[in-house]
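Structure first, then comments.
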Amino acid sequence: MSHRPYSTSAYREAARALAAIGRRIYGQGWSPATSSNYSLRLNEDHAAITRSGRDKGLLEETDIMVVDMEGAAVGDGKPSAETLLHTQLYRRLPDCGAVLHTHSHASTVLTMHWPADHITLEGYELLKALDGVQTHDTRLTIPVFENSQDIAALAAEVDRAMDAGDAGHAYLIRGHGLYTWAADIGACYRQLEALETLLAVELDRRRLG
Ligand SMILES: CSC[C@@H](O)[C@@H](O)C(=O)COP(=O)(O)O
Ligand SMILES: [Zn+2]
C-alpha cells in the first residue's frame, strides 16, 4: 500500500513539540516510570509517536519516531506498545491531530476502586475547557474499558463504543489511565489538564463522601 510522503520539517516540529509536552506532563506527575505515550498526526498516512519504554521526564526529540496508520514502524526502533490506540483515533476521526495518554494517580484509583464502566463528571466549570462545552451545566460520561495487553482488541472495543456514540472526548482504561485527543497539541493538552484535574477533584469528592 503506497503512503503519501510526510514532510521532514513537519516531523521535526512534531518531535520537538511531543518531547516538550511529554516533559510538561511528567512535571504534573501523570506519567510515572516510563508510562504514557503521545502522538501527533503528520498526514493522512503517518503519525509521530513516542518510542516504547522512554522516560517521559527526560523526553527528547530522539525518543520520537514515525508510524503508519496501520501501526507499523517507519524506520528503526519500537514505537509505543499502544500505537494502535492512537492510530484507531487518527483513522476514525479525520480532524484528530493529537493524542495524549497518561497514567495518573486519580485515573488509576477511580477506575480500580469503583467497578463502574464509566466515570461521570458533572456541573464543573472546568468542563468548559473541553472542545464544544459551553456551560458548567454539562454531564460528561467517560467510558471505562477493561485493561488488556491485546491492544488491537482494545482499539476495536473503542471503535464499537464510538459507533454507539460514546467516548466523545476521552476514555479510561481500568487500573491503567486516560486517553484524550483533539485537533492539535495545544487543545489536546488543555483537555488533558482539565480532565486530569477533574478526575482528581472527583476522587477527592468521593473520599469526602
Ligand atoms: C511501564 S507501564 C506502562 C506501559 O505498559 C503502557 O501502559 C504505557 O503507557 C507506555 O507504553 P509504551 O510502550 O512505553 O508507550
Ligand atoms: Zn499506558
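The values are calculated or read from the model by the stated rules, or taken from the named source; none is laboratory data. Here the structure is a predicted model, which is why all the values come from computation and not from measurement. Heads up, the Cβs are rebuilt from the backbone with ideal geometry, glycines too, and the neighbour counts pull from every protein chain shown. Calculation scope for accessible area: heavy atoms of the full protein, side chains included, ligands and nucleic acids excluded. Shrake-Rupley method; radii C 1.70, N 1.55, O 1.52, S 1.80 Å.
Overview of values
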item: Filter pass, Tyr26 being open to solvent by 20 Å² or more (accessible area, probe 1.4 Å) and more than 21 Å from His176 (Cα to Cα); result: no
item: Top-ranked residue of segment 183-209 - restricted to ones that are in a loop (DSSP other than H, G, I, E, B) and of a type in the set (Gly, Ala, Ser), ranked as farthest from Arg139 (Cα to Cα); result: Ala183
item: Residues that are out of contact with any Leu (no Cβ under 8 Å at 6 or more places or on another chain), assigned to a loop (DSSP other than H, G, I, E, B) and not hydrophobic (A, V, I, L, M, F, W, C), drawn from segment 148-167; result: Gln149, Asp150, Gly165, Asp166
item: Qualifying residue in segment 169-188 (condition: more than 28 Å from Asn43 (Cβ to Cβ) and either of a type in the set (Phe, Trp, Tyr) or surrounded by fewer than 21 Cβ atoms within 10 Å (Cβ to Cβ) (or both)); result: yes
item: Count - residues of segment 97-153 that are surrounded by fewer than 18 Cβ atoms within 10 Å (Cβ to Cβ) and among the small types (Gly, Ala, Ser); result: 7
item: Selection count where residues are in contact with a helix residue (DSSP H, G or I) (Cβ under 7 Å, 6 or more places away or on another chain) and open to solvent by less than 50 Å² (accessible area, probe 1.4 Å), scope segment 52-79; result: 9
item: Any pair with Cβ under 7 angstrom, 6 or more apart, that starts in segment 147-173 at a residue that is modelled with pLDDT of 95 or more and ends at one that is hydroxyl-bearing (Ser, Thr, Tyr) and open to solvent by 20 Å² or more (accessible area, probe 1.4 Å); result: Leu154/Ser148
